[in-house]
Amino acid sequence: MKKLWVGLALGLISLLPAQNQEKTLYLKSGEKITGTVKTETDSTVTLSTALGMITLRKDQIQPDRVTITLKNGDIVEGDLLQETPDSFVVRSGLGILTIPGDAIERVDFLRASEQQGRSGSNPERWYFSDERLIDLWFDPTGFPLEKNVFYISGFSAAYGFSDRFQVSTRWASWVVGDLNFRPKWMVLKTGGIQKMQALSIGGHFHQRGLPELKWRRESWQEWNRWAEYDQAGNFLSGDTSRNPETQTMWLRIGEDFSLVSFQDTLYLPDGNYQVTSGQYADYSSDFGPFTSGNKPWEELFIAYTLSKLKTSGQGRINYNLGASFIFYPGEPVLSRYYAGLDYDARPNLKLIFSVFYDEHYIPIYMDAGRDTHFGPVFTDVGFIYAKDEHWRFGLHFQRPTIALYYKF
């Protein structure tokens, strides 16, 4: 299993783009040239191509067509005449506009079509991938869902009420009566295309049920003794000196657990009698109405994301930090701290790496029934692939290993 995931990680790393990526330039003459940019001045650009070194005047090059979404919701589309870290100059239907970088929410490049002008997204130049993560699997990022976007998976669903606020739920838990909801509010967002920061807070509020993937280590003494006595109560035989045995097991947070002592008497045909006594553990994770999982509980979290445009100008690297705290009745506060990054390898492919500290987590390759000490530091690696504008598929190392959801 470990070799399989190491192979997967190496395979994902191999997908990372090279530093000297090829660039395709569309000329006003209708020609198209692909090569690696070697030098660039204010008036010319030199490419290494299959035809050799080619130097082009910039006035020969058809400007990139862009759609710029501003932070106030306005949208500008036109030819990109000039781009600096601080501003974009665009020739649009409104004239030539200089748009400050800190006023821009998103820039999308459009693809050139030789017959029909420009249409569709441009896979050769992109600042943002097809998917902006709201969670690193279970751990929140600083970003919520976009406004009016809805997603549903086999376990959960979410809706973006605004660009700063979303509500999600683990609808699969409804079948056991756990009506739960998870609001997330982005309280801070700063920066622009080159670098932006987001900070979100939220919580997950449950009517009942047990916290997912949270365990505690329990130890107890078990023993079982018996003895036979005659009618007068005199000891005849038995095992009354057996020492208690220590049992250790990982139980889910919220499982009922108690020690039960017993003593049974059995009368024999000859008038003698046997006495059996002992102690054992009684625990249950049953979701019945009068057993484990009937207490309301909540989780609070805070998440921060620093999103930077890659030096290649193709996609982003997002650095994430956060912490979550579960408050379950009768248990200490269950804390979890995490850090991770998601890397845009392609417009439709994100690579995800994370590390987290969790004293109550059991990895997929360990047996909870054994007397084993886990962690408490774990790592995870995986990817999210956008098949199209709706379907998303993911695979990662820690449980649950597969993610599949639909966005619209």
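The values are calculated or read from the model by the stated rules, or taken from the named source; none is laboratory data. Note that the coordinates shown come from a computational prediction; the quantities given were computed from them, not determined experimentally. Because the Cβ atoms are built from the backbone with ideal geometry, glycine has one as well, and the counts that use them run over all protein chains shown.
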Give the residues of segment 301-316 that are closer than 26 Å to ARG164 by Cβ and either outside the structural domain of SER173 (by TED's automatic domain parsing) or more than 16 Å from the chain's Cα centre (by Cα) (or both), sorted by residue number.
LYS308, LEU309, LYS310, GLY315, ARG316
Within segment 251-297, restricting attention to residues that are hydrophobic (A, V, I, L, M, F, W, C) and closer than 23 Å to ILE362 by Cα, which residue is modelled with the lowest pLDDT?
PHE287
Cβ-Cβ below 9 Å, separation at least six or inter-chain, first residue in segment 344-359 and in the same structural domain as LYS310 (by TED's automatic domain parsing), second buried (at least 18 other Cβ atoms within 10 Å of the Cβ) and β-branched (Val, Ile, Thr): which pairs?
LEU349/ILE384; LYS350/ILE384; LEU351/VAL381; LEU351/ILE384; ILE352/VAL381; ILE352/ILE384; PHE353/VAL381; SER354/VAL381
Mind listing just one residue for me: the one in segment 236-266 that is in a strand (DSSP E or B) and acidic (Asp, Glu) and, of those, nearest to GLU222 (Cα to Cα)?
GLU245
Out of all the residues in segment 304-328, which are among the small types (Gly, Ala, Ser), closer than 24 Å to GLY191 by Cβ and either touching a Cys at 6+ places or on another chain (Cβ under 9 Å) or not in a loop (DSSP other than H, G, I, E, B) (or both)?
SER307, GLY322, ALA323
Sole exception among (1) assigned to a strand (DSSP E or B); (2) closer than 29 Å to LYS147 by Cα; (3) of a type outside the set (Phe, Trp, Tyr) for GLN82, by number
(2)
Kindly indicate whether any position in segment 329-336 is crowded, with 21+ Cβ neighbours inside 10 Å, of a type outside the set (A, V, I, L, M) and either within 28 Å of ILE201 (Cβ to Cβ) or at pLDDT 95 or above (or both).
yes
Which condition breaks for GLU331 when tested against (1) in a strand (DSSP E or B); (2) touching a residue at least 40 places away in the same chain (Cβ under 8 Å); (3) not small (Gly, Ala, Ser)?
(1)
Quick one: LEU25 ticks every box in (1) modelled with pLDDT of 80 or more; (2) surrounded by 11 or more Cβ atoms within 10 Å (Cβ to Cβ); (3) of a type in the set (A, V, I, L, M, F, W, C) except a single one, so which number is it?
(1)
Criterion first (of a type outside the set (D, E, K, R) and touching a strand residue (DSSP E or B) at 6+ places or on another chain (Cβ under 9 Å)) does THR36 satisfy it?
yes
